[in-house]
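Notes follow once the structure below has been shown.
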Amino acid sequence: MEIKIRRAEPTDAIAIKEIYECPNAYSNTLQLPYPSVEMWEKRFANIPEDVYAYVALLDGVIVGNIGFKVFVNPRRRHVATFGMGVKDLAQGKGVGKALLSTVCDLADNWLNLKRIELTVYTDNESAIALYKQSGFIIEGESKAYAYRNGDYVDAYHMARIVTPS
């Protein structure tokens with residue numbers, strides 16, 4: 001199986017909608033079930049300059065998405081954050097790792113960013129393991145961070161800080 005990463009395009013809206021229709025994808029992000037194509041078309045019709053959106057293709061089929069946002073506030077321009085989703089059937093196949101590697105390379109080698117931060121639900125063990133493997137550390141925890149499937153879920157705040165070599 002070959003994983004290929006490329007920039008997301010407006011024509012990817014249907015495929016990205018299909019990612020976030022998957023129970024694991026919407027349960028482990030701030031997305032809601034049953035997303036509409038129109039919502040995703042709007043998001044990808046006019047991507048701001050401070051946002052980099054990528055898709056992952058597994059054997060030519062879009063199975064993952066990452067949106068990487070660089071902060072524009074002058075005092076936070078050294079920081080970015082991201083949101084990522086992978087189709088349920090493609091999880092555990094290196095798709096998330098490939099997407100994360102893409103934005104870490106962008107941050108480190110092209111955008112001169114010092115810090116990448118994220119929020120992840122405390123029960124999303126596979127994502128937490130991936131982030132730790134990529135150099136992210138847990139900096140804090142928020143209780144009752146989001147509402148999911150009829151209950152509140154806690155979240156970790158994680159970050160990866162580039163230190164001079």
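A short reminder: the numbers here are calculations on the coordinates, not readings from a lab. From a predicted model like this one, the values you see are computed outputs, not experimental measurements. Please note: Cβ atoms are built from the backbone with ideal geometry, for glycine as well, and neighbour counts cover all protein chains shown.
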Checked Lys132, Lys69, Lys93 against criteria (part of a strand (DSSP E or B) and not aliphatic (A, V, I, L, M)); the one match is Lys69
For the structure I just gave you, tell me whether Ser134 is hydroxyl-bearing (Ser, Thr, Tyr) and touching a helix residue (DSSP H, G or I) at 6+ places or on another chain (Cβ under 6 Å). yes
Does Gly85 qualify as being of a type outside the set (Phe, Trp, Tyr), within 24 Å of His157 (Cα to Cα), out of contact with any Ser or Thr (no Cβ under 7 Å at 6 or more places or on another chain) and buried (at least 20 other Cβ atoms within 10 Å of the Cβ)? no
On the basis of being closer than 18 Å to Arg160 by Cβ, without any contact (Cβ under 8 Å) to a residue 60 or more places away in the chain and not β-branched (Val, Ile, Thr), does Ala107 make the cut? yes
Starting from segment 113-130, keep only residues that are over 18 Å from Gln91 (Cα atoms), then list their pairs with residues that are of a type in the set (D, E, K, R) and surrounded by 15 or more Cβ atoms within 10 Å (Cβ to Cβ) whose Cβ atoms are within a distance under 9 Å, requiring at least 6 positions of separation or different chains. Leu113/Arg77; Arg115/Arg160; Ile116/Arg160; Glu117/Arg160; Leu118/Arg160
Leu57: more than 28 Å from Pro33 (Cβ to Cβ), buried (at least 17 other Cβ atoms within 10 Å of the Cβ) and of a type outside the set (Phe, Trp, Tyr), yes or no? no
Would a scan of segment 26-45 turn up a residue that is within 19 Å of Gly96 (Cβ to Cβ) and not in a loop (DSSP other than H, G, I, E, B)? yes
Any idea which of Tyr156, Tyr131 is closer than 28 Å to Ala15 by Cα and within 15 Å of the chain's Cα centre (by Cα)? Tyr131
In this structure, is Gly60 under 14 Å from the mean Cα position of the chain (by Cα) and not basic (Lys, Arg)? no
Checking Glu38 against (1) in contact (Cβ under 8 Å) with a residue 12 or more places away in the chain; (2) of a type outside the set (Gly, Ala, Ser); (3) surrounded by fewer than 16 Cβ atoms within 10 Å (Cβ to Cβ), the condition it does not meet: (1)
Checking the structure you have, find out if any residue of segment 101-116 is hydrophobic (A, V, I, L, M, F, W, C), buried (at least 17 other Cβ atoms within 10 Å of the Cβ), assigned to a helix (DSSP H, G or I) and in contact with a Lys or Arg (Cβ under 8 Å, 6 or more places away or on another chain). yes
What is the number of the single condition among (1) buried (at least 18 other Cβ atoms within 10 Å of the Cβ); (2) hydroxyl-bearing (Ser, Thr, Tyr); (3) free of Cβ contacts under 8 Å to residues at least 12 places away in the same chain that Tyr147 does not meet? (1)
Out of all the residues in segment 112-165, which are among the acidic types (Asp, Glu) and farther than 20 Å from Val86 by Cα? Glu139, Glu141, Asp151, Asp154
Sole miss for Lys17 among (1) more than 26 Å from Asn149 (Cβ to Cβ); (2) free of Cβ contacts under 8 Å to residues at least 24 places away in the same chain; (3) of a type in the set (Lys, Arg) is condition (1)
